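Accompanying notes for the structure given below.
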Amino acid sequence: MKKEIKNAAIAGIIIIIAIAGVAEYFFSLEKPGANDNSALTQPISENVSSSDEAKYPLAPALTGISGYINTTPEALKDSMKNKVVLYDFWTYSCINCLRTLPFLEEWNSKYADKGLLIVGIHSPEFEFEKNIDNVRMAVQKYNITYPVVLDSDHQTWDAFGNMYWPAEYITDYQGHIRHVHFGEGDYDQTEKAIQTLLDERSKSLGLGIDANMSLVSLQPHQFSDQQTPELYFGYEFAAGRNYLGNPEGFHPNLTVTYSLPQNLATDHFYLEGDWQNLADSMKASSQNAEIVLPYYARDVHIVATGPGVDVQVSLDGKPLPPDEAGQDVQNGTAHISENRLYTLVSAPTAGPHTLTLLAKKGFQIYTFTFG
């Protein structure tokens, strides 16, 4: 997931990498229309002497933090001393971030007593993600036990020059950034970097701790060769990546009556009924408002909310089969209440389909994401 509304330049990171003398391995960074498994990785340099460590930049201080979960400001500051720190930039409605969380929790369980500290930096994409109660709900839901800080104004995000969710920055015990990874995947490489830095720490501090263990055995998400890109409903978020297929188009801050056109294009969403156009979302203003989406993917997720509204989900003009229903769909219906990500479709294989959502007044949708 790419945060395009921020203009922090990636060039700064590239310069840092060049100064450090670390090999660069570039993969396709996620852009509108690209798959969500894209990543940029900066592998760790092995056998780096203490005199060489000064060549690596120090991690910026946590700046503009508006809230703390699983820690306090004082406890976090104290716990970071002489630790290998993994900073994970995430936001709780991002499916890419959520699929990374199990690996982070496994690493926390395996290496916390060996000198690793994971700090989740929650940098929101949508306004509702700034609410600490919503973030607490997500931390509890996903069983996150390591410290999480709220970077609601993206001050720490900007200090790191970050541009992506998720993003991992790992420092050695002296605070130098030694490994960077953007996006999902390459978990083995990241864990090996953790082990190397923990061993360096142990040797330098004379601790006698061995972090060379077997790697976690979790199965990473398997991506298909073809996939519909993320689709945004907010008129500000859709700028430059407009996939609204109705000829009526966007009308900022107005309620528009939409009608389904005769021909529907894949990777575009279509509306029927009255919909209020908001900066970050659309809100159903009539009963039985409809969304039709021709797509290609395996899994379909939405970021949505509503005052306890039910959304009927159908696939290819038929009731959603139970074996393809996502975890948030029961008997063909998704109950929408909390501000969060909902999984509607979870099919065994990727393929072309048409999804139809029939929603009541008050249903609010921010984005479609896929897997």
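Within the option set GLY273, GLY240, being farther than 23 Å from TYR92 by Cβ and modelled with pLDDT of 95 or more holds for one residue only, GLY273.
Look at GLU200 and say whether it is out of contact with any Ser or Thr (no Cβ under 7 Å at 6 or more places or on another chain) and within 30 Å of GLY175 (Cβ to Cβ). For GLU200, the condition - out of contact with any Ser or Thr (no Cβ under 7 Å at 6 or more places or on another chain) and within 30 Å of GLY175 (Cβ to Cβ) - is met. Of the residues making up the range 242-271, those that are surrounded by 14 or more Cβ atoms within 10 Å (Cβ to Cβ) and under 18 Å from HIS301 (Cα atoms) are TYR243, LEU244, ASP267, HIS268, PHE269, TYR270, LEU271.
The number of residues in the range 318-336 that are without any contact (Cβ under 8 Å) to a residue 24 or more places away in the chain and part of a strand (DSSP E or B) comes to 6. Considering (1) out of contact with any strand residue (DSSP E or B) (no Cβ under 9 Å at 6 or more places or on another chain); (2) more than 25 Å from ARG99 (Cα to Cα); (3) not hydrophobic (A, V, I, L, M, F, W, C), the lone condition that LYS361 does not fulfil carries the number (1).
When ALA159 is tested against (1) crowded, with 19+ Cβ neighbours inside 10 Å; (2) under 21 Å from LEU76 (Cβ atoms), exactly one condition is not met: (1). Whether a residue is assigned by TED's automatic domain parsing to the domain that holds CYS97 and aliphatic (A, V, I, L, M) was assessed, and LEU254 does not pass this test. The criterion of being in contact with a strand residue (DSSP E or B) (Cβ under 7 Å, 6 or more places away or on another chain), among the aliphatic types (A, V, I, L, M), more than 24 Å from ALA238 (Cβ to Cβ) and not assigned by TED's automatic domain parsing to the domain that holds ILE132 does not hold for ALA289.
Across the range 74-92, the number of residues qualifying as at negative phi and out of contact with any strand residue (DSSP E or B) (no Cβ under 9 Å at 6 or more places or on another chain) comes to 4.
Quick one: in the range 301-339, which of the residues that are polar (S, T, N, Q) and under 19 Å from CYS94 (Cα atoms) is farthest from the chain's Cα centre (by Cα)? The residue in question is SER337. Restricting the first member to the range 337-362 and to residues that are outside the structural domain of ASN96 (by TED's automatic domain parsing) and assigned to a strand (DSSP E or B), and the second to residues that are surrounded by 20 or more Cβ atoms within 10 Å (Cβ to Cβ) and among the acidic types (Asp, Glu), the beta-carbon pairs closer than 6 Å and six or more apart or on different chains are TYR342/ASP328; THR343/ASP328. Every residue in the range 104-116 that is in contact (Cβ under 8 Å) with a residue 60 or more places away in the chain and surrounded by 18 or more Cβ atoms within 10 Å (Cβ to Cβ), please. Hits for the range 104-116 are TRP107, LYS110, TYR111, LYS114, GLY115, LEU116.
Only one of the listed residues (GLN189, GLN219, GLN195) is under 25 Å from the mean Cα position of the chain (by Cα), modelled with pLDDT under 95 and either on the phi > 0 side of the Ramachandran plot or not hydroxyl-bearing (Ser, Thr, Tyr) (or both). That residue is GLN219.
Entry remark, the range 310-319: residues being at negative phi and touching a Ser or Thr at 6+ places or on another chain (Cβ under 8 Å) number 6 in total. So, of the residues in the range 77-99 that are under 10 Å from the mean Cα position of the chain (by Cα) and of a type in the set (Ser, Thr, Tyr), which turns out to be surrounded by the fewest Cβ atoms within 10 Å (Cβ to Cβ)? Top of the filtered list is THR91. If I ask for residues that are within 21 Å of ARG99 (Cα to Cα) and under 17 Å from the mean Cα position of the chain (by Cα), which ones from the range 141-159 would you list? Hits for the range 141-159 are LYS141, TYR142, ASN143, ILE144, VAL148, VAL149, LEU150, ASP151, TRP157.
Could you please tell me which pairs satisfy a Cβ distance under 8 Å, a separation of 6+ or placement on different chains, a first residue in the range 305-317 that is closer than 23 Å to ALA347 by Cα, and a second residue that is surrounded by fewer than 18 Cβ atoms within 10 Å (Cβ to Cβ) and among the polar types (S, T, N, Q)? So the pair list comes out as ASP310/THR333; VAL311/THR333; GLN312/THR333; VAL313/THR333; LEU315/THR354; ASP316/THR354; GLY317/THR354.
Report yes if some residue within the range 283-302 is crowded, with 18+ Cβ neighbours inside 10 Å, of a type outside the set (A, V, I, L, M, F, W, C) and farther than 23 Å from ASN246 by Cβ; otherwise report no. Looking through the range 283-302, at least one residue is crowded, with 18+ Cβ neighbours inside 10 Å, of a type outside the set (A, V, I, L, M, F, W, C) and farther than 23 Å from ASN246 by Cβ.
Can you confirm whether THR196 is crowded, with 20+ Cβ neighbours inside 10 Å, in contact with a Leu (Cβ under 8 Å, 6 or more places away or on another chain) and either acidic (Asp, Glu) or not assigned by TED's automatic domain parsing to the domain that holds ALA347 (or both)?
So THR196 does not fit the description; no.
Selection of strands (runs of 3 or more DSSP E) fully inside the range 78-175 by the criterion of at least 2 residues being among the hydroxyl-bearing types (Ser, Thr, Tyr) returns 167-171.
The values are calculated or read from the model by the stated rules, or taken from the named source; none is laboratory data. What you see is a predicted model, and the numbers here were worked out from it, not measured in a lab. All Cβ positions, even for glycine, are placed from backbone atoms using ideal geometry, and neighbour counts span all protein chains on display.
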